[in-house]
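Step one of this worksheet: look at the structure below.
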């Protein structure tokens, strides 16, 4: 069993008694991802990456469990779109730190927070949550070490609900990808370049449909290959490598 929430308290107690167990905490957001992907896209990606990482860790003799996801974050870039639920960085940091500390106090050997919502303020809040907490780490593609292993679209910054994320959802939960994804025209606006230029929202960047990149080019195969890279990231960060 890979999900913590599916265990009974006594099953968990027995599992912890058998040896060290790592907790993987998926973090995402509730925000728009174009007209073709669901509001929980970032959660879907984090959960799927964590579930696959459990299998990879098991192959190395490491027991791991995926905790319930944290589905809200700092989503100021999505302001003005229905379904965008943003919390403050301070609130997110305090909540995530409390969860991490509770898991460690509850018997887990290590805790890795796995984040696939890439808004800079959100990433900073997540990293602040584990700062100074022994046994805690963060796995996030915004780290240069891991970002450079991902797709060309990801590295271009034109990847919000584009080929990169659409491929990942196709590989994890294909029924959530609306058919019109194949009809969407590619867009070249880079969020990373926009952020460096001082842009603070999708609308300011001209993304009136809350996507950039090329969702019509997405494939489940590319998504599966990308999950392989994300799993490598999680395993390394969870084990402190």
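The values are calculated or read from the model by the stated rules, or taken from the named source; none is laboratory data. Here the structure is a predicted model, which means the values were calculated and not measured. Note: ideal-geometry Cβ built from the backbone for every residue, glycine included; neighbour counts use all protein chains shown.
Just to be sure, is residue 113 touching a residue at least 40 places away in the same chain (Cβ under 8 Å), in a strand (DSSP E or B), buried (at least 23 other Cβ atoms within 10 Å of the Cβ) and under 15 Å from the mean Cα position of the chain (by Cα)?
Numbers: touching a residue at least 40 places away in the same chain (Cβ under 8 Å): yes; in a strand (DSSP E or B): yes; buried (at least 23 other Cβ atoms within 10 Å of the Cβ): yes; under 15 Å from the mean Cα position of the chain (by Cα): yes.
Here the answer is yes, as residue 113 does meet what is asked.
Just the residues that are outside any strand (DSSP E or B), touching a strand residue (DSSP E or B) at 6+ places or on another chain (Cβ under 6 Å) and under 16 Å from residue 101 (Cβ atoms), please, taken from the range 116-146.
First, pick out the residues of the range 116-146 that are outside any strand (DSSP E or B): 116-135, 140-146.
Then drop every residue that is not touching a strand residue (DSSP E or B) at 6+ places or on another chain (Cβ under 6 Å), which leaves 117, 122, 126-127, 130, 135, 140.
Once the filter is applied, which keeps residues that are outside any strand (DSSP E or B), touching a strand residue (DSSP E or B) at 6+ places or on another chain (Cβ under 6 Å) and under 16 Å from residue 101 (Cβ atoms), the range 116-146 yields 126, 127, 130, 135.
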Here is a list of conditions, (1) in contact (Cβ under 8 Å) with a residue 40 or more places away in the chain; (2) surrounded by fewer than 21 Cβ atoms within 10 Å (Cβ to Cβ); (3) within 17 Å of residue 35 (Cβ to Cβ), and residue 170 meets all of them except one; can you say which number that is? (2)
The range 96-109, residues that are part of a helix (DSSP H, G or I) and touching a helix residue (DSSP H, G or I) at 6+ places or on another chain (Cβ under 8 Å): 96, 97, 100
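Run down 182, 149 and say which single residue is surrounded by fewer than 22 Cβ atoms within 10 Å (Cβ to Cβ), in contact with a helix residue (DSSP H, G or I) (Cβ under 6 Å, 6 or more places away or on another chain), assigned to a loop (DSSP other than H, G, I, E, B) and modelled with pLDDT of 95 or more. Working first, answer last.
Details: 182 fails: assigned to a loop (DSSP other than H, G, I, E, B).
After ruling out the rest, the residue left standing is 149.
Looking at 53, 58, which one is modelled with pLDDT of 95 or more, buried (at least 23 other Cβ atoms within 10 Å of the Cβ) and not in a strand (DSSP E or B)? Don't jump to the end; show me each part of the working.
Numbers: 58 fails: buried (at least 23 other Cβ atoms within 10 Å of the Cβ).
Matching residue, one of 53, 58: 53.
Could you count how many residues in the range 208-241 are assigned to a loop (DSSP other than H, G, I, E, B), within 21 Å of the chain's Cα centre (by Cα) and in contact (Cβ under 8 Å) with a residue 60 or more places away in the chain? Break it down stepwise before answering.
In the first step, residues of the range 208-241 are kept if they are assigned to a loop (DSSP other than H, G, I, E, B); the result is 208-212, 214, 218-219, 239-241.
Narrowing the set further to residues that are within 21 Å of the chain's Cα centre (by Cα) leaves 210-212, 214, 218-219, 239-241.
Filter again for in contact (Cβ under 8 Å) with a residue 60 or more places away in the chain, leaving 210-211, 214, 239-240.
Going through the range 208-241 one residue at a time, the tally reaches 5.
Between 65, 92, which is outside any strand (DSSP E or B), crowded, with 20+ Cβ neighbours inside 10 Å and touching a helix residue (DSSP H, G or I) at 6+ places or on another chain (Cβ under 8 Å)? Walk me through how you get there before you give the answer.
On the way: 65 fails: outside any strand (DSSP E or B).
That would be 92, the only listed residue that is outside any strand (DSSP E or B), crowded, with 20+ Cβ neighbours inside 10 Å and touching a helix residue (DSSP H, G or I) at 6+ places or on another chain (Cβ under 8 Å).
Is one or more of the residues making up the range 189-207 in contact with a strand residue (DSSP E or B) (Cβ under 8 Å, 6 or more places away or on another chain), surrounded by 16 or more Cβ atoms within 10 Å (Cβ to Cβ) and touching a residue at least 60 places away in the same chain (Cβ under 8 Å)?
Looking only at the range 189-207, we keep the residues that are in contact with a strand residue (DSSP E or B) (Cβ under 8 Å, 6 or more places away or on another chain), and these are 207.
Still in the running and surrounded by 16 or more Cβ atoms within 10 Å (Cβ to Cβ): 207.
When the remaining residues are screened for being touching a residue at least 60 places away in the same chain (Cβ under 8 Å), the result is none.
No, every residue in the range 189-207 fails to be in contact with a strand residue (DSSP E or B) (Cβ under 8 Å, 6 or more places away or on another chain), surrounded by 16 or more Cβ atoms within 10 Å (Cβ to Cβ) and touching a residue at least 60 places away in the same chain (Cβ under 8 Å).
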Any idea which of (1) within 21 Å of residue 86 (Cβ to Cβ); (2) buried (at least 17 other Cβ atoms within 10 Å of the Cβ); (3) touching a residue at least 60 places away in the same chain (Cβ under 8 Å) is the one residue 159 doesn't satisfy? (3)
Starting from the range 27-46, take each residue that is on the phi > 0 side of the Ramachandran plot and at pLDDT 95 or above and list its partners that are buried (at least 24 other Cβ atoms within 10 Å of the Cβ) and not in a helix (DSSP H, G or I), counting only C-beta distances under 7 angstrom and pairs at least six apart or across chains. 34/161; 34/211
